[in-house]
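Presented below is the structure to which this report refers.
The values are calculated or read from the model by the stated rules, or taken from the named source; none is laboratory data. Fair warning: this is a prediction, and the values are worked out from it, not measured in the lab. All Cβ positions, glycine included, derive from the backbone under ideal geometry; neighbour counts span all protein chains shown.
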Amino acid sequence: MPSSETTPTSTATRIPERHEIHETDRWDLTHLYPTDEAWETAFRALQEHYSEIGKFRGSMSGSAARVCEALEFEKSIDLPLARLSTYASLRVSENAADPAFLEREARLENLSSKIQEACSFIGPELQAIPDEVFTRLLASPELLPWRTVLENKRRFKPHTLDESGERLLAMSCQALEGHGETFSQLTNVDLKFGFVTGSDGQQSELTQGSFSSFLVKPDYELRKRAFHQFYAEFSDHKFSLASTLANSVRTDVFRARARHYPSALSHALFRNNIPQQVYTNLVSTVRNNLTPLYRYYELRRRALGLKEIHHYDTYVPIVSKITSHLTFEEATDRVIAAMTPLGTEYTHVLEEGLRGRWCDRYESKGKRSGAFSSGCYGSPPYILMNYKPDVFSDMFTLAHEAGHSMHTWYAQREQSFQDYHYPIFLAEVASTFNEELLTHYLLEQTNDPTLRAYLINRQLDDLRGTIYRQTMFAEFEKVIHERQEDGDALTLDIFTGIYRELLKTYFGPRFTLDTELELECLRIPHFYSAFYVYQYATGMSAAVALSRQVLKSGDAERYLGFLKSGGKCYPMDTLAAAGVDMTSPAPIENALELFARRVDELAMLLDIDPSDL
């Protein structure tokens, strides 16, 4: 790698340190704990309190009052543990290189492991209650607030070990999850991507957070340099990353087998009672509808005037005449306006949160890349962003995370602690629903064909990235876990070979695949916490259906009811109540039909004959 690309000059832009970010642009964690010392006090209190759960050991055999008392005591442990965990993880997200933050999180993980061990008898004892007695318990008034929890726990009876087995698995949690910490430290701290020089001689630092910013630049050579330089650093660490990913897969398979599930996938789906056909339908339906995606890549190649299209050409806006520079405040204005169909309460609460200090807005040294929403019962639903004014998609990311946060806000208000936590499957519906409303709002605001083309281009990329791309990721996860379950080796060559074939399938015969792109399979964070990404695709499909319902009817009550339900019901039932059947391929097919229509519409706006694609 040339030294001119890795050494900053006096004109180079620099990622600021945490203290250089204005306080009003950082989240306010004092709602959790006013100081680090207050966190320490709460930590010590939990240390002294949790072991008292042992007094319920051997007594949960049939008394409704005793079972209720035990569950309430467990809740008195879980509530402060969630608060401690949220604070610790958010602080690490601020700066993963700060040893004090890492040390705090490590101590909490150790305590959490001990708590899981101490509470590990509860599941087996509940499972040991005879069926007729358990039915009587569920009917008792004392346990009415815990009915959903108890029914869910009972479902796990075939997969619950005896007390010694549960204790052993609880003790092993921290050791089994080391791959996640290794991946985070490698990619967020140890990997150094250097500086990239633009055509104007300006040098900019290349990081996990800034990589996406380079990919939307109109300068072809800059995009190309950033892509190859970025993956050169991953190539230097590819064997370590492959080993880390392999250990992640082995952990998933071990846990599934230890609990007598037929596969790691079935283990992952069981908790939320998701039929496996939802996963397989997604992959097969998307594979049967790849032609519109191939046509879109050809449209993109022609619109950009490229001889051939590469991965680093798939994010730059096609409509180059429109420059994107939205401040965080301007993006917030648009997001709030787009949510108007959801009513004044929704928009008022969201506006107060975004203009207040729910959101940690900008990139800083050591800060976690990407974006997320995170909170706990009784706390604000915090949002981490790495917002960049020149990345138009960051406004959609803000809307996405706002969807998560408002889902949390409503669920907290309407449900008890034990029922508020909605599953990930539903979370991705709420977040992508907001993106759909934002897309609709922005398109409604303009009749300018150039701007409309830009927005349709953005919607196409959103659908492509969320349904097509995440389904490819989901298929990769399924295949590599099946390889491990079949007893095959998981090596760097195996990972990249599998990924290479998927890239060929999902990008099509007219797409130029750079060899480095095979290494993408080592850098996707969700691969180290498997069977999550399919929910982006199913979530967007459901979101498209729900947003059309709200916009067509003008009535948001069913959708708001969906947000308020939290984790009270199983995800399939919650969506069915809102009007979407995800056991059918229809929602996915309808979303891909929208994609196909938008390809034709964009082609016509760009004076390209759709029939030539």
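Residues of the range 525-558 being over 18 Å from residue 425 (Cβ atoms) and either within 13 Å of the chain's Cα centre (by Cα) or crowded, with 24+ Cβ neighbours inside 10 Å (or both), which ones?
If the condition is that a residue be over 18 Å from residue 425 (Cβ atoms) and either within 13 Å of the chain's Cα centre (by Cα) or crowded, with 24+ Cβ neighbours inside 10 Å (or both), then 525, 527, 528 are the ones that fit.
Which numbered condition in (1) of a type in the set (Lys, Arg); (2) at pLDDT 95 or above; (3) farther than 30 Å from residue 233 by Cβ is the only one that residue 504 fails?
Of (1) of a type in the set (Lys, Arg); (2) at pLDDT 95 or above; (3) farther than 30 Å from residue 233 by Cβ, only one is false for residue 504: (3).
Quick check on this structure: which one of 363, 351 is of a type outside the set (Ser, Thr, Tyr), assigned to a loop (DSSP other than H, G, I, E, B), surrounded by 15 or more Cβ atoms within 10 Å (Cβ to Cβ) and under 24 Å from the mean Cα position of the chain (by Cα)?
Selected residue: 363, the only one of 363, 351 that is of a type outside the set (Ser, Thr, Tyr), assigned to a loop (DSSP other than H, G, I, E, B), surrounded by 15 or more Cβ atoms within 10 Å (Cβ to Cβ) and under 24 Å from the mean Cα position of the chain (by Cα).
Among the residues of the range 198-237, which ones are among the polar types (S, T, N, Q), closer than 21 Å to residue 368 by Cβ and part of a helix (DSSP H, G or I)?
212, 213
Here are some residues: 266, 284, 240, 248. Which one is assigned to a helix (DSSP H, G or I) and more than 23 Å from the chain's Cα centre (by Cα)?
Working: 266 fails: more than 23 Å from the chain's Cα centre (by Cα); 284 fails: more than 23 Å from the chain's Cα centre (by Cα); 248 fails: more than 23 Å from the chain's Cα centre (by Cα).
After ruling out the rest, the residue left standing is 240.
Given the conditions (1) of a type outside the set (Ser, Thr, Tyr); (2) crowded, with 19+ Cβ neighbours inside 10 Å; (3) without any contact (Cβ under 8 Å) to a residue 24 or more places away in the chain, report the number of the one that residue 307 does not fulfil.
(2)
Please specify each residue of the range 270-300 satisfying the condition of being farther than 30 Å from residue 610 by Cβ and surrounded by fewer than 20 Cβ atoms within 10 Å (Cβ to Cβ).
Step one: filter the range 270-300 for residues farther than 30 Å from residue 610 by Cβ, giving 270-280.
270, 271, 272, 273, 275, 276, 277, 280, listed by residue number.
Please identify the pairs in which a residue from the range 202-214 that is closer than 19 Å to residue 392 by Cα and at pLDDT below 90 has its Cβ atom under 7 Å from the Cβ atom of a residue that is β-branched (Val, Ile, Thr) and assigned to a helix (DSSP H, G or I), counting only partners at least 6 apart or on another chain.
That search, which allows pairs on different chains as well, returns 208/187.
Just a yes or no: is a residue in the range 78-85 modelled with pLDDT of 95 or more, under 30 Å from residue 191 (Cα atoms) and either buried (at least 19 other Cβ atoms within 10 Å of the Cβ) or not aliphatic (A, V, I, L, M) (or both)?
Checked the range 78-85: at least one residue is modelled with pLDDT of 95 or more, under 30 Å from residue 191 (Cα atoms) and either buried (at least 19 other Cβ atoms within 10 Å of the Cβ) or not aliphatic (A, V, I, L, M) (or both).
Quick one: count up the residues across the range 418-462 that are within 28 Å of residue 564 (Cα to Cα) and more than 16 Å from the chain's Cα centre (by Cα).
11
Has the range 256-264 got any residue that is crowded, with 20+ Cβ neighbours inside 10 Å and within 23 Å of residue 177 (Cβ to Cβ)? Reasoning before the result, please.
The first filter runs over the range 256-264 and keeps only residues crowded, with 20+ Cβ neighbours inside 10 Å, leaving 256, 264.
Narrowing further to those that are within 23 Å of residue 177 (Cβ to Cβ): 256, 264.
Yes, that holds for at least one residue.
For (1) touching a helix residue (DSSP H, G or I) at 6+ places or on another chain (Cβ under 7 Å); (2) among the basic types (Lys, Arg); (3) part of a helix (DSSP H, G or I); (4) surrounded by 14 or more Cβ atoms within 10 Å (Cβ to Cβ), each residue gets a yes or a no:
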position	(1), (2), (3), (4)
97	yes, no, no, yes
103	no, no, yes, no
126	yes, no, yes, yes
146	yes, no, yes, yes
179	yes, no, yes, yes
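Do you know which residues across the range 45-63 are in a helix (DSSP H, G or I) and buried (at least 17 other Cβ atoms within 10 Å of the Cβ)?
Let us first name the residues in the range 45-63 that are in a helix (DSSP H, G or I), namely 45-56.
The answer is 46, 50, 53, 56.
Of (1) among the small types (Gly, Ala, Ser); (2) at positive phi; (3) under 23 Å from the mean Cα position of the chain (by Cα), residue 58 satisfies all except one. Which?
The number of the failed condition is (3).
For the range 25-66, which residues satisfy the criterion of being closer than 18 Å to residue 85 by Cβ and among the basic types (Lys, Arg)?
Scanning the range 25-66 gives a single hit, 44.
What number of residues in the range 131-156 are in contact with a Ser or Thr (Cβ under 9 Å, 6 or more places away or on another chain) and without any contact (Cβ under 8 Å) to a residue 40 or more places away in the chain?
1
Are any residues in the range 222-263 of a type in the set (S, T, N, Q) and under 18 Å from residue 526 (Cα atoms), and if so, which ones?
Residues of the range 222-263 that are of a type in the set (S, T, N, Q), as a first pass: 229, 235, 240, 243-244, 247-248, 251, 263.
Across the range 222-263, the qualifying residues are 240, 243, 244, 247, 248, 251.
Filter the range 334-343 down to residues that are buried (at least 16 other Cβ atoms within 10 Å of the Cβ) and out of contact with any helix residue (DSSP H, G or I) (no Cβ under 6 Å at 6 or more places or on another chain) and give me whichever is farthest from residue 453 (Cα to Cα). Show your work before the answer.
We begin by selecting, within the range 334-343, every residue buried (at least 16 other Cβ atoms within 10 Å of the Cβ); these are 334-336, 338-339, 341-342.
Filter once more, keeping what is out of contact with any helix residue (DSSP H, G or I) (no Cβ under 6 Å at 6 or more places or on another chain): 334, 342.
Numbers: 334: 18, 342: 27 Å.
Once the filter is applied, the top-ranked residue is 342.
I'm trying to understand the selection: among the residues of the range 113-124, which are without any contact (Cβ under 8 Å) to a residue 60 or more places away in the chain, within 29 Å of the chain's Cα centre (by Cα) and assigned to a helix (DSSP H, G or I)?
116, 117, 123
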